[in-house]
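Scroll down for the structure; my scribbles are underneath it.
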Amino acid sequence: MNLRTLAVLLIAIAPVHDAWAEREDKAVASVQLTDPAGRKVQPLKNHGQKATLLFFLTPDCPLCNSYAPEIARIVGEYEKQGVQSYAIYADEPAKEITRHLREYKLPLTALLDPRLQLATLTGATITPEACLLSPDGQLLYRGRIDDRAVKLGTVRTEPRQRDLRLALDAVLANKKVAEKFTKAIGCYLPTSPKSK
């Protein structure tokens with residue numbers, strides 16, 4: 001194939017690629033879940049936020065609950081900087097989710113995701129696990145909040161590395177996240193989505 005033929009092919013392919021990317025962005029933005037009160041929310045739609053932060057949580061995971069104070073601190077600090085945060089629950093009843101948020105003082109909008117749309121989209125498999133996305137729905141970070149949990153049953157009193165905060169700071173400074181994926185430790189999300 002000569003260079004001229006290659007150039008013509010690349011020009012012909014470029015608009016198709018852009019159209020595909022646009023379609024993917026619209027699909028991401030159109031993910032619609034409900035909060036415990038039944039209101040519909042599109043968490044990945046660009047509402048003018050600088051980033052969207054998803055915390056995958058379950059009320060009965062001890063490690064998840066032990067992270068509640070740090071999650072609350074992160075939400076409080078970064079919300080002021082334009083980060084929109086959500087607590088994502090897979091299969092808990094709305095009443096249980098509301099109780100969990102209140103009991104653990106989690107200042108988040110909770111969303112029910114029985115079909116595991118956001119877990120599938122982001123690749124999240126554990127609670128607690130955090131996913132940070134750009135305003136157009138691009139995954140910027142997925143993994144642990146920090147390295148306090150070494151393995152199930154072994155937890156440090158203080159973290160050595162605050163991975164999620166490092167990712168948030170990088171994104172807000174318009175820098176690339178140094179470590180895009182870290183291993184979250186905790187309770188597994190359900191593997192089979194519930195039909196809605």
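The values are calculated or read from the model by the stated rules, or taken from the named source; none is laboratory data. What you are looking at is a predicted structure, and each value in this text was computed from that prediction instead of being measured. Positions of Cβ are generated from backbone atoms using ideal geometry, with glycine treated the same way; all protein chains shown enter the neighbour counts.
Checked against the criterion of being modelled with pLDDT of 95 or more, among the aromatic types (Phe, Trp, Tyr) and touching a strand residue (DSSP E or B) at 6+ places or on another chain (Cβ under 7 Å), the stretch 104-114 has no qualifying residue. Residues in the stretch 38-96 that are acidic (Asp, Glu), under 14 Å from Ala110 (Cα atoms) and in contact (Cβ under 8 Å) with a residue 60 or more places away in the chain: Asp91 only.
For (1) among the hydrophobic types (A, V, I, L, M, F, W, C); (2) surrounded by 10 or more Cβ atoms within 10 Å (Cβ to Cβ), each residue gets a yes or a no:
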position: Arg156; (1), (2): no, yes
position: Leu166; (1), (2): yes, yes
position: Ala170; (1), (2): yes, yes
position: Asn174; (1), (2): no, no
position: Val177; (1), (2): yes, yes
position: Phe181; (1), (2): yes, yes
position: Cys187; (1), (2): yes, yes
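Mind listing whichever residues of the stretch 140-173 are under 16 Å from Ile71 (Cα atoms), basic (Lys, Arg) and in a loop (DSSP other than H, G, I, E, B)? Once the filter is applied, which keeps residues that are under 16 Å from Ile71 (Cα atoms), basic (Lys, Arg) and in a loop (DSSP other than H, G, I, E, B), the stretch 140-173 yields Arg144, Arg148, Arg162. Residues that are of a type outside the set (D, E, K, R) and free of Cβ contacts under 8 Å to residues at least 24 places away in the same chain within the stretch 140-159 comprise Gly153, Thr154, Thr157, Pro159, listed in sequence order. In the stretch 23-34, of all residues being of a type outside the set (Lys, Arg) and either in contact with a helix residue (DSSP H, G or I) (Cβ under 8 Å, 6 or more places away or on another chain) or modelled with pLDDT under 90 (or both), the one that is surrounded by the most Cβ atoms within 10 Å (Cβ to Cβ) corresponds to Leu33.
Residue by residue, here is whether (1) under 27 Å from Pro159 (Cβ atoms); (2) of a type in the set (A, V, I, L, M); (3) in contact with a Cys (Cβ under 9 Å, 6 or more places away or on another chain) holds:
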residue: Gln42; (1), (2), (3): no, no, no
residue: Gly48; (1), (2), (3): no, no, no
residue: Ala51; (1), (2), (3): yes, yes, no
residue: Pro62; (1), (2), (3): yes, no, yes
residue: Ala68; (1), (2), (3): yes, yes, no
residue: Tyr89; (1), (2), (3): yes, no, no
residue: Ala94; (1), (2), (3): no, yes, no
residue: Glu103; (1), (2), (3): yes, no, no
residue: Thr125; (1), (2), (3): yes, no, no
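State whether the residues of the stretch 129-139 include one that is over 12 Å from the mean Cα position of the chain (by Cα) and either over 30 Å from Gly38 (Cβ atoms) or of a type in the set (A, V, I, L, M) (or both). Within the stretch 129-139 (the criterion being over 12 Å from the mean Cα position of the chain (by Cα) and either over 30 Å from Gly38 (Cβ atoms) or of a type in the set (A, V, I, L, M) (or both)), the answer is no, since none of the residues qualifies. Scanning the stretch 50-60 for residues that are within 15 Å of Leu139 (Cα to Cα) and crowded, with 19+ Cβ neighbours inside 10 Å yields Ala51, Thr52, Leu53, Leu54, Phe55, Phe56. I'm trying to understand the selection: among the residues of the stretch 102-119, which are surrounded by fewer than 20 Cβ atoms within 10 Å (Cβ to Cβ) and not in a loop (DSSP other than H, G, I, E, B)? Across the stretch 102-119, the qualifying residues are Arg102, Glu103, Thr109, Gln117.
Restricting the stretch 34-55 to residues that are aliphatic (A, V, I, L, M) and part of a strand (DSSP E or B), the residue that is farthest from Pro114 (Cα to Cα) is Ala51.
Residues that are farther than 13 Å from Phe181 by Cα and assigned to a loop (DSSP other than H, G, I, E, B) within the stretch 123-139 comprise Pro128, Ser134, Pro135, Asp136, Gly137, Gln138, listed in sequence order.
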